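**Q** Handing you a structure now.
Values quoted throughout were computed directly from the atomic coordinates according to the rules given, and no laboratory measurement underlies them. Please read these numbers as outputs of a predicted model, since none were measured by experiment. Cβ atoms come from the backbone with ideal geometry, glycine included; neighbour counts cover every protein chain shown.
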Amino acid sequence: MHIQKCSPINGIFSFRSLLMKDCLYNIFSTILRGTAMSFIDFQNVSKIYQMGEVEIKALDDVSFSIDKGEFVVILGSSGAGKTTILNILGGMDTATSGKITVDGKEISKSGEKELCDYRRFDVGFVFQFYNLVQNLTAKENVDLAVQLCDDPMDSRFVLKMVGLEERINNFPSQLSGGEQQRVAIARAVAKNPKLLLCDEPTGALDYVTGKQVLKVLQDMSTNQKMTVVMITHNSALADMGQKIIRVKSGKIESVTLNDNPKPIEDIEY
């Protein structure tokens, strides 16, 4: 039997080879982490509406990204283009050009059937107006959404999450504005969506009630790790976001990361 002896020189080269492999592994790991795909990616998105012979450019070459679990505030004045961004992101409208990717799927290439499934299973919507069915109780309104989904959350549990465990059998007319909006949030969250989109969710509420609703949304991101995108014209609310995207005249004016978002209780507006 032949036994090969390992010389000190060979040992040194083997050790160096191992070190090189470790270094290369660390370098490539860092590169891969740095280039990991974002949960949401808007790339050079434009939206043009044709009004007779007039073209209205609602979005002009918009690009931004959002990570999974982030609470994002899209801020802008009326007509800036923030609602158009939300509508395209939610699959309710389509882009004229550009690429939109959500959780690895390019929704900008989706047909109407695929967009319908996307809205049904992946996205929860919270609008400025509650859009509740008036002859259904709070629980029954939430159950409507639950019946449409593959992996829903329990409606009673979600209503408890938003502080309405004592009001589940009340009709919308028996609830305050803030309570109705919390039912609307529960209905959106009960779908167990990948993405929660909020269009001026406190626009029809008073200051105190608005803060209660915003706390629910902030808790959804913090405690449930849900990706929440909220549009607003109220610049004071920017401090509650982990990322603030400012929109002006259909363009992205700035994207700011906020490492220390404020609890809504500490924000005055």
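**Q** Estimate the FRET efficiency between E265 and V54 by the formula 1/(1 + (r/R0)^6), using the beta-carbon distance for r and 45 Å for R0, to the nearest 0.05.
**A** Numbers: r = 46 Å, r/R0 = 1.03.
Rounded to the nearest 0.05, the efficiency is 0.45.
**Q** Only counting other Cβ atoms within 10 Å, I'd like M153, M226, M92 sorted with the fewest neighbours first.
**A** Values: M153 19, M226 22, M92 13.
Fewest to most other Cβ atoms nearby, the residues stand as M92, M153, M226.
**Q** For segment 206-221, take each phi angle, set θ = phi - 60°, evaluate the Karplus expression 6.51 cos²θ - 1.76 cosθ + 1.60, and give the result in whole Hz per residue in order, putting x for glycine and proline.
**A** Result, ordered by residue: 6, 4, 5, 5, x, 5, 4, 5, 5, 5, 4, 5, 5, 5, 4, 6 Hz.
**Q** Of all DSSP beta bridges in the chain, what percent run antiparallel (nearest 5)?
**A** Numbers: 22 of 40 bridges.
So the antiparallel bridges in the chain amount to around 55 percent.
**Q** Here is a further query. Could you size up the charge dipole of segment 38-266 around its Cα centre, putting +1 on the beta carbon of Lys and Arg and -1 on that of Asp and Glu, and report it in debye to the nearest 20? Intermediate results must be reported in sequence, preceding the final value.
**A** On the way: 26 positive and 31 negative charges, 11 e Å.
Rounded to the nearest 20 debye, it is 60 debye.
**Q** Express in nm, to one decimal, how much length is gained between C116 and N135 on full extension, taking 0.36 nm for each residue of separation and deducting their alpha carbon distance. Please list the in-between numbers first.
**A** On the way: separation 19, 0.36 × 19 = 6.84 nm, distance 2.61 nm.
Extending this stretch completely gives an extra 4.2 nm.
**Q** Could you tell me how many degrees, from 0 to 90 and to the nearest 10, lie between the Cα long axis of helix 177-189 and the main elongation axis, the longest principal axis, of the Cα atoms of the chain?
**A** Long axis of 177-189 versus the principal axis of the chain: about 40 degrees.
**Q** If you fit an axis through the alpha-carbon atoms of helix 8-34 and take the longest principal axis of the Cα set of the chain, what angle between them do you get, 0 to 90°, nearest 10?
**A** Between helix and principal axis, roughly 20 degrees.
**Q** Is any residue of segment 210-227 close enough, with backbone N under 20 Å, to a label point placed 7 angstrom from the Cα of K105 along the Cα-Cβ axis, and if so, which?
**A** 226-227
**Q** Here's another thing I want to ask about it. Roughly how many nanometres apart are two label points built 7 Å out from the Cα toward the Cβ at S78 and S176?
**A** Modelled inter-label distance: 2.7 nm.
**Q** If you don't mind, there's one more thing I want to ask. Between the DSSP loop rule and a limit of at most 10 other Cβ atoms within 10 Å, which GluC sites (Glu not before Pro) in segment 191-269 are left?
**A** Values: sites: E253, E265, E268; in loops: E268.
Passing sites in segment 191-269 are E268.
**Q** In addition: Read phi for every residue in segment 88-100 and hand back ³J(HN,Hα) as whole Hz from Karplus 6.51 cos²θ - 1.76 cosθ + 1.60, θ = phi - 60°, with x for Gly and Pro.
**A** Taking θ as phi minus 60°, the curve returns 6, 5, x, x, 8, 9, 10, 7, 6, 8, x, 10, 10 Hz for segment 88-100.
**Q** Quick one: work out the % antiparallel among DSSP beta bridges in segment 110-269, nearest 5. Don't skip to the end; give the middle numbers.
**A** Working: 6 of 15 bridges.
Roughly 40 percent of the DSSP beta bridges within segment 110-269 come out antiparallel.
**Q** Pull up all non-local amide H partners of I74: gap of 5 or more, or a different chain, and H-to-H distance under 5 Å with H placed in the peptide plane.
**A** Under 5 Å from the amide H of I74 lie the amide H atoms of M230, I231, T232, I245, each far enough along the sequence or on another chain.
**Q** How far apart, in nm, are two points set 7 Å out from the Cα along the Cα-to-Cβ line at N234 and at E166?
**A** In this crude spin-label approximation the distance works out to 2.5 nm.
**Q** Just in segment 229-265: which trypsin sites (Lys or Arg not before Pro) are loop by DSSP and have at most 13 other Cβ atoms within 10 Å? It would help to have the intermediate numbers written out before the result.
**A** Numbers: sites: K243, R246, K248, K251; in loops: none.
Those that pass, being in a loop and sparsely packed, number zero.
**Q** Can you tell me the relative contact order of the chain? Whole percent, Cα pairs under 8 Å, sequence separation 6 or more.
**A** 23 percent
**Q** Taking amide H atoms as placed 1.01 Å from N in the peptide plane, list the residues 5 or more away in sequence, or in a different chain, whose amide H sits under 5 Å from that of K47.
**A** Result for K47 returns A58, L59, D60, D61, T96.
**Q** For a quick check: sort I185, I264, I48 by the number of other beta carbons within 10 angstrom, fewest at the front.
**A** Values: I185 26, I264 20, I48 14.
Going from least to most buried by this count: I48, I264, I185.
**Q** HN-Hα J couplings of segment 190-197 from phi, Karplus 6.51/-1.76/1.60, θ = phi - 60°, integer Hz, Gly and Pro as x?
**A** Coupling constants for segment 190-197: 4, 5, 6, x, 6, 9, 10, 10 Hz.
**Q** Same structure again: What does the charge count around V228 come to, taking other residues whose C-beta lies under 13 Å from its C-beta (Lys +1, Arg +1, Asp -1, Glu -1)? Can you show the working numbers first?
**A** Values: positive: K68, K194, K215, K225, K243; negative: D67, E70, D199, D219.
Local charge sum for V228: +1.
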